[in-house]
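Written out below as structure tokens is the structure these notes cover.
The values are calculated or read from the model by the stated rules, or taken from the named source; none is laboratory data. Since this is a predicted model, take the numbers as computed values, not measurements. So basically every Cβ, Gly included, is an ideal-geometry build from the backbone, and we count neighbours across all protein chains shown.
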């Protein structure tokens, strides 16, 4: 009888211990995970959105926007979000701070003056060092400005423009009078041939198109004046070009 009672007491004690262990697990492991999971939210994607819209989206998700920094961007407009941390769609605790980098738009720089009697090569170096790139180049006769010197530019000196803007230039071909040496433009594209001829002090005349399957379209195959010969400055050179 005593042995039976002892066995019963032991069983009750084991049940009590198991119950206590279960309560501890529930209190310290299971419930925190359940509560914690319910307190998590998904971070919305606020990149490339206006900062006001980004703040509204984050607040609706139970998160806080922190303006971390501002950077120039040629892709993201001024006042829009470039990046965020944590990243979009991450799972975070409600109330978490989301740090964002705001765009200041394209950096605007002052266009330098390349019409100061410098050569075309010097003008290109000056533009690059100032944050700009060489744009299209055209040539024009001038009795006042020596050959190879920039006559005009667009944008104009002193204007502000985004970094990397192409600056187009008109370059002097020198006076219209005198003799020019005809360059060899066969094999060049029409665009390159025009530049070569104008730079030499000549003009492009009539352009005739022919079919040639062995060459790329817009390739010069004939010119009316032989390369190396001399002609009066301003003389028109006719071209035959592939279709």
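Before moving on, here are some points about what is shown:
- Here 46, 92, 111 are screened, and the one residue that is in contact (Cβ under 8 Å) with a residue 40 or more places away in the chain, assigned by TED's automatic domain parsing to the domain that holds residue 153 and touching a strand residue (DSSP E or B) at 6+ places or on another chain (Cβ under 8 Å) is 111.
- Where residue 73 falls short, out of the listed (1) part of a loop (DSSP other than H, G, I, E, B); (2) in the same structural domain as residue 162 (by TED's automatic domain parsing); (3) surrounded by 17 or more Cβ atoms within 10 Å (Cβ to Cβ): (2)
- Residue match in the range 159-171 (condition: more than 30 Å from residue 72 (Cα to Cα) and either modelled with pLDDT of 90 or more or in the same structural domain as residue 241 (by TED's automatic domain parsing) (or both)): yes
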